[in-house]
Amino acid sequence: MLILLLIVLFGGSFFFFANLHPHRTGAITSALFFGLSILLLVLNMGTHLGLTKTTNNNRQTIRPTSTSQGVQLLVYQPLGTTNNERVYVYNGDQKSPLPDKRGLAKTTRVASSVTTTNAKHATLTLTTTKYTYQNQLAKVLFAIPGTKLATTQQVAHFTVPKSWLVLPSKQATRLKQAAANPTN
């Protein structure tokens, strides 16, 4: 927005000022402001000028995906062959508007960890770090309509009771099959 205004001022300085001195002053001033605007935009894109990192923690109680022979399960599906990336499947909080809807915590580009504790309930803490504008002036100068600020980091931390098992989906399927067949 500011760049368009400066272009209009620069071009207008040629047409509206008949005297040579105001013409030069207007042209030089608008050219300096134009250069400064471009420099500020480059600094905003390169070094995040006018932005600050904010962290948001969202903690929710989760329920097991399934229960097999009294053992509650938190199931994940490994992605790829290295087992570094996982998709966790869990049931959301009972108080949520859709209690039967399963949640997926995809850990691609998201750090994740699972901790076993003596707690009664399992929880999922999602920590999201993203850029926000430092103040209203920075938002006016650098906000481009229709774009969202970048999320720099997400961490999914599961805290499960000792009575829970954290298994890959293949092992969870085998466990269910073994529990369903009484001869095993």
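The values are calculated or read from the model by the stated rules, or taken from the named source; none is laboratory data. Computed from a predicted model, the values in this text were never measured in an experiment. Positions of Cβ are generated from backbone atoms using ideal geometry, with glycine treated the same way; all protein chains shown enter the neighbour counts. Side chains included, ligands, DNA and RNA excluded: accessible areas come from the protein's heavy atoms. Shrake-Rupley method; radii C 1.70, N 1.55, O 1.52, S 1.80 Å.
Tabulated results
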read-out: Residue tally, condition modelled with pLDDT of 90 or more and touching a strand residue (DSSP E or B) at 6+ places or on another chain (Cβ under 9 Å), over region 132-148; value: 3
read-out: Of all residues in region 43-65 being hydrophobic (A, V, I, L, M, F, W, C) and assigned to a helix (DSSP H, G or I), the one that is farthest from Phe158 (Cα to Cα); value: Leu43
read-out: The listed residue being open to solvent by less than 50 Å² (accessible area, probe 1.4 Å), over 20 Å from Ala143 (Cβ atoms) and modelled with pLDDT of 85 or more, out of Val71, Val75; value: Val75
read-out: Unique residue being within 26 Å of the chain's Cα centre (by Cα), open to solvent by less than 30 Å² (accessible area, probe 1.4 Å) and under 23 Å from Thr61 (Cβ atoms) when the list is Val166, Val160; value: Val160
read-out: Residues of region 137-157 satisfying the condition of being open to solvent by less than 70 Å² (accessible area, probe 1.4 Å) and small (Gly, Ala, Ser); value: Ala138, Ala143, Ala150, Ala156
read-out: Near pairs, Cβ below 6 angstrom, 6+ apart or cross-chain, from region 14-39 (closer than 18 Å to Leu141 by Cβ) to any residue that is modelled with pLDDT under 80; value: Ser30/Leu6; Ser30/Leu9; Ser30/Phe10; Phe33/Leu6; Phe34/Leu6; Ser37/Leu2; Ser37/Ile3
read-out: Long-range neighbours under 7 Å by Cβ, at least six apart or interchain, first residue closer than 20 Å to Val160 by Cα and open to solvent by 50 Å² or more (accessible area, probe 1.4 Å) within region 115-132, second of a type outside the set (Phe, Trp, Tyr) and not in a strand (DSSP E or B); value: Thr116/Lys162; Asn118/Lys162
read-out: Filter result (in contact (Cβ under 8 Å) with a residue 12 or more places away in the chain, of a type outside the set (A, V, I, L, M, F, W, C) and not in a strand (DSSP E or B)) within region 140-184; value: Lys162, Ser163, Ser169, Lys176
